[in-house]
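Reading through the structure tokens given below for one structure.
Just so it is clear, none of the values below were taken in a lab; they were calculated from the coordinates. Quick caveat, the model's predicted, so the values are computed rather than measured. Every residue, glycine as well, gets a Cβ built from its backbone with ideal geometry; the counts of neighbours run over all protein chains shown.
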Amino acid sequence: MKINRRSFIGSAAAGVGVMSAPMVMGAAHGTPNVVVIGGGAGGATAARYIARDGGDQVNVTLIEPTRTYYTCFFSNLYIGGFRTMESLGHSYGTLASEYGINVVHDWAVGVDRDAKTVALAGGGSVPYDKLILSPGIDFVDGAVPGWDVSAQNAMPHAYKAGSQTELLKAQVMSMREGGTYCMVAPPNPYRCPPGPYERVSMVAHQLKQTNPTAKILIVDPKEGFSKQGLFEQGWERHYSGMIERIGPDFGGANVEVDPAAMTVTIDGVVENVDVCNVIPAQRAGKIAHDAGVTDGNWAPVEAFALTSKMDPAIHVLGDSAAQGDMPKSGFSANSQAKVCANAVVGELTGSRVFPARFSNTCWSLIDTEDGVKVGAAYEPTEEKIASTGGFVSQTDETAEVRAQTYQESLGWYDAIVSDMFG
Amino acid sequence: MRLALVTGLFGFIPAMAIAQPMGDPEAGEQLYRACATCHEIGEGARNRAGPHLTGIVGRAAGAIEGFRYSSAIGASGLVWDVDMLSRYIEDPQGTMPGTRMAYRGMADSQQRSDLIAYLASFEAEEVAIPFELSPEAAAVLAVAPDMAYGEYLSAECTACHAAGDAGIPKIEGLDPELFVTAMVEYRSGERTHQVMEMVSGRLGDEEIASLAVFFQKAQ
Ligand SMILES: Cc1cc2nc3c(=O)[nH]c(=O)nc-3n(C[C@H](O)[C@H](O)[C@H](O)COP(=O)(O)OP(=O)(O)OC[C@H]3O[C@@H](n4cnc5c(N)ncnc54)[C@H](O)[C@@H]3O)c2cc1C
């Protein structure tokens, strides 16, 4: 497989493809083109699997502006001091060299669905037979009054990993003694349901060592949240008295910020804060809206191959997709990408297509070696991707079980990034 | 009757059935002084007041030939995994009422983790032990595998199982008999693990058979 198979089979394979599968799409005009927008969890996986399974019968182009992708998953562990930023960075070298993927470091700025081309910020356009969108999230304008992206230095979101994460950590580490870290948590649905609460745990872990009289305030528009019982038990156990959460009953949904004054107004009451981590409401990445495949904030897809409900030549993966029951996670995006890749290669080359099956598991770290997890399996239905059952760690597990769970998360990280980036 | 090469003396313990202990073996070496009066450990260790502890992590309880155990240990039928060891060391009498081990217990969970990490650093020698394939596993192994299907299904597994072995066991190259045995044990709940029970719970015999052959060859 990989490079040698590609170079050995050469152009003869395209001919064989045409002969043996005359009904196959794209065969009429030579090797079909798959274009993937976004080289994150969903896009990198889709590109890799399509290139691997499609061999010489499919051209794959991956459009991604950054040369190093920093994973959001485990970025909270960086804040907690358990990972370095470098360990979260992944480049596209293997996808290009071993899988023959045409990696284009540029922004996609428009999709012409009639001409089937993608316009690039740097000029020029790329034609496609199949377009896969996995552009992640953007923020809903005006979701938190007083905040917009121009305020992200004063009040970081750190919900796209990299410099934002570094900035937030630096602010936490240099916070005045006894100061207040405030998180404005997002409403559903958003990327990584346990993410904000794992973040609070990791911030608390740092503050407990460097600034033990500091306070953490969570302003939350949601009644409840993912793994709530596990987090709350852990916070009580490890960070007793440090963390306060204001839910919607006490004004958590009625919040305004002033980045210049560093204040947060909760139900009319002004609070001075020292670090303010605003995680606004989210929507599909901008290019999905520009491509006209969204309805409201997200891009609706059917459940069998993540095909856009607006355009059969487009698939939408990961956070941007409105697919049903799967949480917006890197694991989900990776799982969806593999199902989509199998269907796309099947359609383009006539190879076998197997029944879709999806799963997700999300680990979170509460404190040193205190790991918890939640997961579920999913199956496609006519209506949506539907959950068929799952599990969650239990409260009161032994320290050994928690340490084991944390170890598993380390194994998972290594496995999934090599499943994405090769 | 077949032979499988596994660590441990009695009973079949698939390679990763035993949770890896998390702790500092060097700190554990100091703590082991509390045990050394009664237990030897390491190459050539002999029984003293207590049985030798070489290879104890993953060893069946009461397994050392020639040592007279209490029935609390000898007839317990359990395997010393990390969790069980920790509980026994924390409170021997409370955990295994009637045990003859006259040791008070170790309250600190970090210390227990360190101590277990030290115990785990002495592996039992590999021995060939007889292992009977269960009828369920044999039935799966009798199904004709579908390699292409196995490859497709394997994509779910590679989100967690990598070529390395840190945190989650490596399954590439695993012997199909061990692979299938593990999967049917997770599926029946005989071997417990939240993730693997869920994963195996939705795999039929053909799917497990195809995965087993795919992973055996994938290396
Ligand atoms: C703090 C935090 C913790 C998390 N922890 C976990 C976890 O433990 N486990 C887990 O499974 N998930 C976790 N997640 C969620 C996970 O990171 C996302 O769900 C996942 O990355 C979504 O994948 P995606 O492909 O949809 O988007 P992304 O991975 O964000 O990828 C989108 C890519 O598209 C690119 N892009 C955007 N627009 C364009 C354009 N116009 N042209 C070209 N490229 C473009 C971006 O540069 C980016 O690289 C966490 C998230 C956060 C924020």
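See the values below:
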quantity	calculated
Set of region A:388-422 residues, backbone N closer than 12 Å to the point 7 Å along the Cα-Cβ line of B:E197	A:390-394
Equivalent ellipsoid dimensions for region B:15-120 as semi-axes, Å, which come from the Cα gyration tensor, largest first	19, 15, 15
FRET E, pair A:M310, A:N272, Förster distance 35 Å, beta-carbon r, rounded to 0.05	0.15
Projected label distance in nm at A:Q394 and B:T95, using a 7 Å step from Cα toward the beta-carbon	1.7
Quarter of Cα convex hull surface for region A:64-192, i.e. mean projection, nm²	10.9
Average silhouette area of region B:135-217, convex hull of alpha-carbon atoms, in square nanometres	4.9
Virtual spin-label span in nm between B:A166 and A:N102, 7 Å along Cα→Cβ	3.7
Shape category assigned to region A:301-393 from the gyration tensor of Cα positions, a/c cut at 1.5	prolate
Cut-off 20 Å (backbone N to label point 7 Å along Cα→Cβ of A:D249), residues of region A:178-206	A:185-188
Burial ordering of A:E98, B:E207, fewest other beta-carbon atoms within 10 Å first	A:E98, B:E207
Chain B - convex hull of the alpha-carbon atoms, volume per residue in Å³	135
Counting DSSP beta bridges with both ends in the protein assembly as shown, the antiparallel % (nearest 5)	60
Pairwise FRET efficiency - A:T263 versus A:L167, Cβ, R0 = 25 Å, nearest 0.05	0.80
Full-stretch length increase - B:E26, B:V143 - with 0.36 nm per residue and alpha-carbon distance subtracted	37.3 nm
Hull shadow area, averaged, the protein assembly as shown [alpha-carbon convex hull, nm²]	31.4
Alpha carbon centroid spacing (whole Å) that separates region A:57-126 from region B:127-204	34
Rg/Rg_globular for region A:141-278, with Rg_globular taken as 2.2 N^0.38 Å and Rg from C-alpha atoms	0.97
